[in-house]
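*Asks:* Encoded as structure tokens, here's the structure I'll be asking about.
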Amino acid sequence: MPRPKNKEELLLASQTSFDALMSWIEELPGEERNREFPPGTMNRNIRDVLGHLYHWQLMMKSWHDIGQKGGKPPMPAEGYNWKTVPALNRKIHETYRTSSLNELKEWLNKTHMEMHKIMELYSHEELFKKKRYKWTGSTSLAAYLISATSSHYMWGLKLIKKQLAKK
């Protein structure tokens with residue numbers, strides 16, 4: 001799917017990739033949905049992948065809310081910077097280890113809808129103009145939303161498919 005270039009494409013890409021991820025998971029037999037991935041990845045199962053996606057959307061919502069009130073959100077998270085994202089991802093992994101797959105599907109569905117509410121708030125120009133908001137730096141709000149939705153969903157789907165294909 002090409003990178004969205006306008007608000008309509010942004011919403012469509014997000015929804016299409018979310019639906020692809022979730023329907024692919026739902027079509028798996030129960031034992032496959034809960035199967036551990038082979039060693040070599042931090043995310044050891046589908047639950048871990050959904051926890052990762054969910055938490056990054058929580059962070060995106062927080063960045064947006066703080067940034068739109070004129071604040072400077074801690075990005076990517078308090079105590080981390082873009083060079084320490086692997087450590088942050090390990091912390092995220094630990095956070096959701098005891099959550100169930102069903103809980104994470106429900107939570108991710110909720111944050112997915114919240115991402116769409118954010119997208120709906122803005123015009124094409126407000127979403128896609130670079131440097132429009134101080135908190136987004138040199139990029140656009142849409143770039144952050146794409147990273148938190150369609151691009152991330154496709155990453156998750158590819159990772160799940162790749163890992164489950166291994167025996």
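*Asks:* Go through the stretch 1-42 and report how many residues are in contact (Cβ under 8 Å) with a residue 60 or more places away in the chain, in contact with a His (Cβ under 6 Å, 6 or more places away or on another chain) and not in a helix (DSSP H, G or I).
*Replies:* Step one: list which residues in the stretch 1-42 are in contact (Cβ under 8 Å) with a residue 60 or more places away in the chain, which gives 1, 3-7, 10-11, 13-18, 20-22, 24-25, 28, 32-35, 37-38, 41.
Keeping just the survivors that are in contact with a His (Cβ under 6 Å, 6 or more places away or on another chain) gives 6-7, 18.
Cutting the leftovers down to not in a helix (DSSP H, G or I) gives us 6.
Adding up the residues that qualify gives 1.
*Asks:* Tyr80 passes all but one of (1) closer than 28 Å to Asp19 by Cβ; (2) surrounded by 12 or more Cβ atoms within 10 Å (Cβ to Cβ); which number fails?
*Replies:* (1)
*Asks:* Sticking with this one: I'm trying to understand the selection: among the residues of the stretch 90-111, which are among the hydroxyl-bearing types (Ser, Thr, Tyr), crowded, with 18+ Cβ neighbours inside 10 Å and assigned to a helix (DSSP H, G or I)?
*Replies:* To start, the set of residues in the stretch 90-111 that are among the hydroxyl-bearing types (Ser, Thr, Tyr) comprises 95-96, 98-100, 111.
Keeping just the survivors that are crowded, with 18+ Cβ neighbours inside 10 Å gives 96, 111.
Matches in the stretch 90-111: Thr111 only.
*Asks:* A further question follows. Which condition number does Leu127 fail, the rest of (1) free of Cβ contacts under 8 Å to residues at least 40 places away in the same chain; (2) surrounded by 18 or more Cβ atoms within 10 Å (Cβ to Cβ); (3) more than 16 Å from the chain's Cα centre (by Cα) being met?
*Replies:* (1)
*Asks:* Does the stretch 67-89 contain at least one residue that is part of a helix (DSSP H, G or I) and in contact (Cβ under 8 Å) with a residue 60 or more places away in the chain? Talk me through it step by step, then tell me what you get.
*Replies:* First, the residues of the stretch 67-89 that are part of a helix (DSSP H, G or I): 67-68, 82-89.
With in contact (Cβ under 8 Å) with a residue 60 or more places away in the chain added as a condition, the list becomes 67-68.
Within the stretch 67-89 (the criterion being part of a helix (DSSP H, G or I) and in contact (Cβ under 8 Å) with a residue 60 or more places away in the chain), the answer is yes, since at least one residue qualifies.
*Asks:* Consider His64 carefully, then state whether it is in contact with a Gly (Cβ under 8 Å, 6 or more places away or on another chain) and either part of a helix (DSSP H, G or I) or more than 16 Å from Gln163 (Cβ to Cβ) (or both).
*Replies:* On the way: in contact with a Gly (Cβ under 8 Å, 6 or more places away or on another chain): no; either part of a helix (DSSP H, G or I) or more than 16 Å from Gln163 (Cβ to Cβ) (or both): yes.
No.
*Asks:* Continuing with this model, one more query. For Ser14, which of the numbered conditions (1) within 24 Å of Phe128 (Cα to Cα); (2) polar (S, T, N, Q); (3) over 14 Å from the mean Cα position of the chain (by Cα) fails to hold?
*Replies:* Tallying (1) within 24 Å of Phe128 (Cα to Cα); (2) polar (S, T, N, Q); (3) over 14 Å from the mean Cα position of the chain (by Cα), Ser14 fails exactly one: (3).
*Asks:* Follow-up question, since we're still on this one. Could you grab me the full set of residues in the stretch 93-111 that are under 12 Å from the mean Cα position of the chain (by Cα) and among the polar types (S, T, N, Q)?
*Replies:* The answer is Asn109, Thr111.
*Asks:* Given the structure, is Met22 out of contact with any Leu (no Cβ under 9 Å at 6 or more places or on another chain), surrounded by 12 or more Cβ atoms within 10 Å (Cβ to Cβ) and of a type in the set (A, V, I, L, M)? If you could, list the steps in order and put the result at the bottom.
*Replies:* Values: out of contact with any Leu (no Cβ under 9 Å at 6 or more places or on another chain): no; surrounded by 12 or more Cβ atoms within 10 Å (Cβ to Cβ): yes; of a type in the set (A, V, I, L, M): yes.
Answer is no for this residue.
Coordinate-derived values only; no laboratory data. Predicted, not measured: the structure shown is a model, and the values here were computed from it. No Cβ is skipped: glycine too gets one built from the backbone with ideal geometry, and neighbour counts run over all protein chains shown.
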